[in-house]
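What follows is a set of notes on a single structure, which appears directly below.
Laboratory data are not the source of any read-out in this text; all were calculated from the coordinates shown. Worth saying up front: this structure is predicted, and the values here are computed from it rather than measured. Cβ sites come from the backbone with ideal geometry, for glycine too, and all protein chains shown count toward neighbours.
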Amino acid sequence: MPIRMEEVTHTYMEGGPFESTAIWNVNLDIKDGEFLGLIGHTGSGKSTLIQHMNGLLKPSEGTVIVNEIRIEKDSKNLRELRQQVGLVFQYPEHQLFEETVALDIAFGPKNLGLSKAEIDLRVREAVQLVGLSFDEIKDRSPFELSGGQRRRVAIAGVLAMKPGILILDEPTAGLDPRGRDEIFNEISVLHKEQGYTIILVSHSMEDIARLADRIIVMNQGQIALTGTPKEVFAHAGELKEMGLDVPQVTNLMLALKEKGLDVPTDIYTVQQAKAVLKQILEGGGNRRA
């Protein structure tokens with residue numbers, strides 16, 4: 001079990017006049033190799049939750065266990081943990097600063113005290129993992145690249161640390177549709193082909209539905225719902241009460257159902273909807289996809 005949270009509570013400015021509890025009494029298990037989607041309205045506790053997973057925040061109460069490393073209120077020296085858990089914030093390209101792509105990606109491995117040969121190997125491998133050509137971009141300035149390429153270089157800098165767990169907080173924020181697709185395709189490859197445990201925070205219900213094995217819904221600092229995409233998006237009314245929505249294609253199916261068309265409403269990807277509507281148009285019935 002790579003990540004376990006046991007009754008985790010986090011209070012900001014504890015004991016002060018602006019004390020605020022962001023998450024409370026959270027219990028959570030994340031399995032090795034799982035692709036977990038994390039959704040919730042702004043202020044629901046998502047960012048606080050994920051920052052406990054690599055020790056950027058420590059619980060006010062409770063315990064976080066990552067690959068047998070325990071994180072508690074008084075824990076110190078969490079360097080090993082941060083090598084195992086890579087955390088990519090929104091707009092990670094804003095942290096690029098070196099003269100070349102290769103130097104920027106090498107920054108983390110250098111701080112581990114690795115040999116030059118090992119650093120060079122890690123940089124090359126990380127660039128390839130995010131779908132870029134090492135020979136084409138290694139000597140270029142990061143600031144000459146497109147927005148999507150810069151985002152992938154920033155992710156490569158995290159991958160060069162060789163974490164087994166990758167946490168991404170809105171990794172496609174601000175990108176055009178092509179850049180979004182490129183990033184999500186590479187994340188999917190990291191999960192399916194490289195075996196990474198992925199935790200994805202996103203406001204896009206469509207992307208979460210398409211990519212995640214399991215979804216966790218945060219609301220008011222607690223886990224409100226958890227399950228497969230099909231199970232979670234079956235709670236359309238509850239999600240809307242929390243300020244969230246279901247994928248657009250699910251809304252389409254609900255609207256068609258209201259119009260009297262006998263279609264399933266537990267559809268949450270475009271591929272599923274296409275299959276169902278094709279059957280109806282071809283007169284082959286309307287069985288569930």
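Key figures for this structure:
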item	result
Chymotrypsin sites (Phe, Trp or Tyr not before Pro) within the range 26-132: DSSP coil, no more than 14 neighbouring Cβ in 10 Å	97
Distance between the range 7-70 and the range 73-146 - C-alpha centres, whole angstrom	26 Å
GNM result for the chain, Cα springs below 10 Å: residue of 121, 168, 103 fluctuating most strongly	121
Normalised contact order of the chain, rounded percent, pairs of Cα under 8 Å and 6 or more residues apart	20 percent
Within a Gaussian network of the chain (alpha carbon springs, distance under 10 Å), most fluctuating of 164, 62, 243	243
Cα-based Kirkwood hydrodynamic radius, the range 247-289, one decimal, Å	10.1 Å
Residue-averaged 222 nm ellipticity for the chain, from DSSP H runs of 4+ at -39500 (n - 2.57), nearest 500	-11000 deg cm²/dmol
Residue of 270, 201, 130 that the Gaussian network model of the chain assigns the largest fluctuation, springs spanning Cα pairs under 10 Å	270
Computed log₁₀ I(q)/I(0) - Debye formula, equal Cα scatterers, no solvent, the chain, q 0.09, 0.14 Å⁻¹	-0.50, -1.06
Estimated inter-spin distance, residue 141 and residue 67, nm [label 7 Å along Cα→Cβ]	3.6 nm
Simple Cβ-charge dipole of the chain, Lys/Arg +1 and Asp/Glu -1, about Cα centre, in debye nearest 20	380 debye
Distance from the range 168-213 to the range 222-245 (C-alpha centre basis), Å	19 Å
Farthest toward positive dipole pole in the chain [+1 Lys/Arg, -1 Asp/Glu at C-beta], among 212, 108, 17	212
Contour excess over end-to-end distance, with Cα ends at residue 112 and residue 13 and 0.36 nm allotted per residue	32.4 nm
Pairs of Cα atoms farther than 23 Å apart, the range 168-276, %	33 percent
For the range 130-211, projected area of the alpha-carbon convex hull averaged over all directions, nm²	5.5 nm²
Compactness of the range 1-107, expressed as Rg and Dmax over alpha-carbon positions, Å	15.5, 46
